[in-house]
Structures are given as C-alpha cells and as structure tokens.
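Asks: Dropping the structure in here first, questions after.
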Amino acid sequence: MNELKVIEILKNELGFSDSSIKKLKKFHNYLLEYNKSYNLISKSTEKSIWIRHILDSAQIIKLIDESKDHNIVDFGSGAGFPGLIIAIYNENVRFHVKLYEKSPVKRAFLNNIKEKLDIKNIEIGNDVYEQKKIIADVIVCRAFKKLEEILKISREIVKKPHKLIILKGKNAQSEINNVSLGSNWSYKIEKSITDHDSKIIIVDVK
C-alpha cells in the first residue's frame, strides 16, 4: 500500500482533515530527517512509514467516541505512535493527548514536532513509571509492554473507569487468555487494517 492509498483511507474512512494530512506529511519528512541521527524507528521501516506507523496508529480513531471530550494517554509513545497521530487527527475533535516517553531523545523529538506543527492539544511527559496517578479516559499502547504489564499499570495508577486500546500482533488472543482481568472488566478483539495477522485489544476498565 503506497502513500496515496494510505492518505485516501485516512481521509475517506477515518475522517482526517486536509490540514491534518498536511501535518502528517511534514511529520513524515521530519521523522526521516531525525532518523538519520537518532534511532527513532527501525531503518527497515523507513520506506513504509505511512502504512507501518501512521495508518497503523490512525486506525485507533475509529474505536474512540468522537462525540465526547477525551483525555487520551499514550504509554511509551516513542516517535509518536500512536498518540501523536491521534493528536494530529482533526482540530475540531475534542481530544487532549498526553504522551509518556522515557527516552530524553524521543521526548525532545516529540516536543520539536509539537512546536513545528503547532499541535495545541498535546502534552509530553516522562516515563510512565514515574507517575503516581494518571487521569485518562482512553489509554493507547503500541509496542510498549506485554499485556499483563499494561493491565498492571492500568489497575494501579489510572483513574477508573477508562478504556484500553492496545495494538498487538498475532498472539493477541493467547495474551488475553493468559492474564487476569478484573471481575467487571470486559474485552473484545478487532482486526488490524494494516496487517492481516495483527489485532487490536480493547478493554473496558470499570
């Protein structure tokens, strides 16, 4: 899937605005430039940023209710996936996104992108493990930790209720089968639109 096809999906199926697409294009170019000096993403994925990173992150939008205000938190955002993409999504949607990232180099990159692209609904924080309490309606994760660890953080320091949306690989079902959910928690698994084997785990935490 090439860049033009991804942009078509972003606009027509996920509702990205024209101005958001412009920001994504600038972000794509900045990411490639930074990646020459810093290991923000794997070099092997540089030619497939649009599908492997941007669209993979953007698909989360369809799982978030846009009719409400949302505090969205990204555990271990790295180069901005998925949280930064969600923040860029659409200026008319009332999302406030906080990116937690332990790497000073990646935090510097995220702060630079925030300034260059004038993204007002975003905040960058330190390592999630340094937090005593997190206020969030929705938590998103991509390539962060094993599901058991994500659920532990959710259980111990995130206010209730909230929703977890976790991008996972082909072992998503076996991962969820091997963890202990709260008695009144519920989950479902959706298929990824970018990879036939990948899944999205959605957990409602009461």
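Asks: Count, please, the residues in region 133-171 that happen to be touching a residue at least 40 places away in the same chain (Cβ under 8 Å) and either in a strand (DSSP E or B) or among the aromatic types (F, W, Y) (or both).
Replies: Number of matching residues: 13.
Asks: Filter region 35-60 down to the residues that are touching a residue at least 60 places away in the same chain (Cβ under 8 Å) and small (G, A, S) and list them by number. Step through it out loud before you land on a result.
Replies: At the first step, the residues of region 35-60 found to be touching a residue at least 60 places away in the same chain (Cβ under 8 Å) are 38, 40, 51-52, 55-57, 59-60.
The answer is S57, and nothing else.
Asks: Here are some residues: S180, S174. Which one is surrounded by fewer than 20 Cβ atoms within 10 Å (Cβ to Cβ), part of a loop (DSSP other than H, G, I, E, B) and among the polar types (S, T, N, Q)?
Replies: Going through S180, S174 in turn, the sole match is S180.
Asks: Just to confirm my filter: which helices (runs of 4 or more DSSP H) fall fully inside region 1-92 and include at least 1 residues that are charged (D, E, K, R)? Working first, answer last.
Replies: Details: elements: 3-12, 18-35, 83-88.
Those helices (runs of 4 or more DSSP H) span 3-12, 18-35.
Asks: Something else now. Out of K102, K146, K120, which single residue is charged (D, E, K, R), open to solvent by 70 Å² or more (accessible area, probe 1.4 Å) and modelled with pLDDT of 95 or more? Show your work before the answer.
Replies: On the way: K146 fails: modelled with pLDDT of 95 or more; K120 fails: modelled with pLDDT of 95 or more.
Step by step, each of K102, K146, K120 is checked, and only K102 is charged (D, E, K, R), open to solvent by 70 Å² or more (accessible area, probe 1.4 Å) and modelled with pLDDT of 95 or more.
Asks: So K114 fits all but one of (1) in contact with a Leu (Cβ under 9 Å, 6 or more places away or on another chain); (2) surrounded by fewer than 19 Cβ atoms within 10 Å (Cβ to Cβ); (3) without any contact (Cβ under 8 Å) to a residue 12 or more places away in the chain; what number is the exception?
Replies: Among (1) in contact with a Leu (Cβ under 9 Å, 6 or more places away or on another chain); (2) surrounded by fewer than 19 Cβ atoms within 10 Å (Cβ to Cβ); (3) without any contact (Cβ under 8 Å) to a residue 12 or more places away in the chain, the lone unmet condition for K114 is (2).
Asks: Filter region 183-206 for residues that are assigned to a strand (DSSP E or B) and either without any contact (Cβ under 8 Å) to a residue 24 or more places away in the chain or of a type in the set (S, T, N, Q) (or both) and give the result.
Replies: We begin by selecting, within region 183-206, every residue assigned to a strand (DSSP E or B); these are 186-191, 199-205.
Result: S186, Y187, K188, I189, K191.
Asks: Suppose we filter region 123-143 for residues that are farther than 23 Å from N29 by Cα, open to solvent by less than 40 Å² (accessible area, probe 1.4 Å) and not acidic (D, E); how many remain? Break it down into steps so the answer makes sense when it comes.
Replies: Within region 123-143, the subset farther than 23 Å from N29 by Cα is 125-141.
Checking which are open to solvent by less than 40 Å² (accessible area, probe 1.4 Å) leaves us with 125, 127-128, 134, 136, 138-141.
Add one more test, that the residue is not acidic (D, E), and what stays is 125, 128, 134, 136, 138-141.
So the count comes out to 8.
The values are calculated or read from the model by the stated rules, or taken from the named source; none is laboratory data. Keep in mind that what you see is a predicted model, and the values were worked out from it rather than measured. For neighbour counting, all protein chains shown are included, and Cβ atoms are generated from backbone atoms with ideal geometry for every residue, glycine included. With ligands, DNA and RNA removed, areas are computed over all heavy atoms of the protein, side chains included. Shrake-Rupley method; radii C 1.70, N 1.55, O 1.52, S 1.80 Å.
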